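Working notes, beginning with the structure itself.
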Amino acid sequence: MAGGGDGSQEPRQAASVPALKFWRRSGFGISSPMAEEAARKIKSLRRPVGDTDNETLGASWPSSPASKRAAQVLRDRVAFHLERGAVQGRVCEATTAQNVYLFPTGMAAIYTLTKMLRQWPVDQTVVFGLPYELILKVQEEYAKGTVFCGLGDAAELKLFEEDLAKREHEGRGRVQAVWCETSSNSLLKCVDIAALRKLANRDGFLLVVDDMIGSAANVDVLSGGVADIVVTSLTKLFRGFADVMGGSIAVDPRSASYGPMKQLVGEAGYADYLCGADAIFREYNSRSFLDRAAKTNATTVHLVELLQPFAQVPASPLTRRRARGGLFTLDFASVTATSAFFDALDICKGPSLGALVSLAQPYVQTVSRNDKERGVGYSVNATIFRISVGVEGMVPLGAKFLVALKMATRAARFSEVYLRSGENKEFGDASSQPHLDMAAAYVERDLKLFVKRYYSWPPPPPPGTPPPTPDDEH
């Protein structure tokens with residue numbers, strides 16, 4: 001389209017804002033493999049003959065026998081993993097590939113399910129617990145009458161139960177679905193999902209669980225009859241290489257809502273919104289899913305146990321840590337310490353998780369920077385730091401974390417000494433200085449012990465060097 005100067009750019013830039021917002025929340029778009037394939041075939045593309053108005057989006061995208069087989073294997077694999085960890089054993093019909101639906105991204109799966117559920121004549125959706133920011137925004141924008149129970153604790157569960165009991169007497173609408181995560185992103189809290197299941201059985205609402213953080217390698221939310229629907233990100237640990245996105249919806253055949261849900265999916269005209277290359281890449285790299293999950297779990301335990309003592313030192317810059325599977329979150333005493341830790345931590349930085357390499361993410365600054373006030377009310381502070389653990393060796397990773405923690409401690413001491421002014425004290429009164437000194441000494445001591453234990457350090461002296469005197473030994 002021809003246009004002149006700034007006048008043609010302003011509408012285009014204005015239009016890009018809602019387009020980007022929709023793309024982030026719906027998860028639909030052109031993947032890199034799809035774009036590359038389209039670029040190769042652009043000259044040979046022709047408009048199809050006949051009436052295509054009623055065709056489902058994505059159903060006519062060119063595919064090969066190999067990509068169709070890959071998509072089928074993916075469905076089988078998702079269903080298998082959802083059933084393999086059955087805590088209570090398989091009590092009746094198991095989830096199969098016919099109950100698994102694939103999408104180009106995890107957000108596309110969430111968006112599509114939310115839009116589908118709008119067809120049901122029920123009035124309200126509940127988000128229980130603090131989920132990933134975009135999940136909440138999709139429910140608030142596209143679901144029916146969304147109610148947000150962000151704490152997700154026992155007290156809020158009791159209030160929710162009491163509210164359900166009052167609805168019928170007060171003539172209010174029923175709850176259609178309750179959405180939750182196992183566990184929450186990024187505070188890694190788990191809601192009482194068994195209690196929610198009991199309420200769902202009593203009041204007839206759907207229980208929808210997003211297992212992106214825990215994944216089927218670590219948690220069982222389907223085979224025991226807990227969730228009616230499980231939404232899974234196939235981008236993260238399942239895929240493991242952070243290069244192709246994907247998502248899935250699995251409907252439990254044992255759910256009382258199974259029949260209506262299958263009918264709803266059929267009426268929506270579901271098709272695999274995948275290009276052939278996407279399906280093939282996902283299938284190939286997901287073969288090592290369980291092996292990678294086991295390794296990241298073990299490394300995460302090692303790192304958390306290594307860092308745990310520091311969270312117990314008074315006035316240490318590290319105040320809390322939580323862990324679930326291959327993910328853990330650190331909470332520091334100040335943004336100063338958090339920033340120093342981030343700068344010193346010698347691992348990759350990025351917002352994804354479940355990749356081969358470990359990833360560090362200052363969560364608030366990268367995910368919820370436009371909604372900080374709401375996050376603070378649920379302890380999502382600017383001082384938290386999310387770590388996704390990769391498959392690197394646990395010993396070198398541990399050394400990197402201790403070095404970064406040492407730098408965070410030094411930054412905290414600098415802030416205490418040089419930035420204190422009047423009543424505006426970042427770390428409290430002067431009596432905290434001995435505690436900071438103790439924390440620093442603790443880090444220094446543990447770092448030396450760690451290095452001596454796992455590495456040949458210090459390195460051997462050059463030939464001809466005289467032996468050290470007693471005063472030189474440490």
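Nothing in this text is a laboratory measurement; each read-out follows from the coordinates by a stated rule. From a predicted model like this one, the values you see are computed outputs, not experimental measurements. Virtual Cβ from ideal backbone geometry, glycine too; neighbours counted across all protein chains shown.
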Dimensionless Rg ratio for the range 65-286, taking C-alpha atoms and the 2.2 N^0.38 Å reference:
0.98
All other residues with a Cβ under 11 Å from the Cβ of PRO260 taken together, and with Lys, Arg as +1 and Asp, Glu as -1, what is their net charge?
-1
Just how large is the dipole of the range 114-207 about the Cα centre, in debye to the nearest 20, putting +1 at every Lys and Arg Cβ and -1 at every Asp and Glu Cβ?
300 debye
Using the Kirkwood radius over Cα pairs, work out the Stokes-Einstein diffusion coefficient for the range 92-140 at 37 °C and 0.692 mPa s, in µm²/s as a whole number.
256 µm²/s
Dipole moment magnitude, nearest 20 debye, the range 65-286 about Cα centre, only Lys, Arg, Asp, Glu C-beta charged
440 debye
Report, by chain and number, residues whose modeled amide H sits under 5 Å from the one on THR146, excluding near sequence neighbours (fewer than 5 apart, same chain).
THR125
For the pair ARG202 and ALA311, what calculated FRET efficiency results from E = 1/(1 + (r/R0)^6), where r is the Cβ-Cβ distance and R0 = 30 Å, to the nearest 0.05?
0.15
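Report, in debye and to the nearest 20, how large the dipole of the range 68-175 comes out about its Cα centre when Lys and Arg carry +1 and Asp and Glu carry -1 on their Cβ.
Charge dipole of the range 68-175: 660 debye, to the nearest 20.
Return the FRET efficiency for the residue pair ALA298, ASP346: r is the Cβ-Cβ distance, R0 is 30 Å, and the value is rounded to the nearest 0.05.
With R0 = 30 Å, the Cβ-Cβ based efficiency is 0.90.
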Of the listed pairs LYS262/LYS295; LYS189/LYS400; LYS21/LYS166; LYS198/LYS262, which have alpha-carbon separations greater than 28 Å here?
LYS262/LYS295; LYS21/LYS166
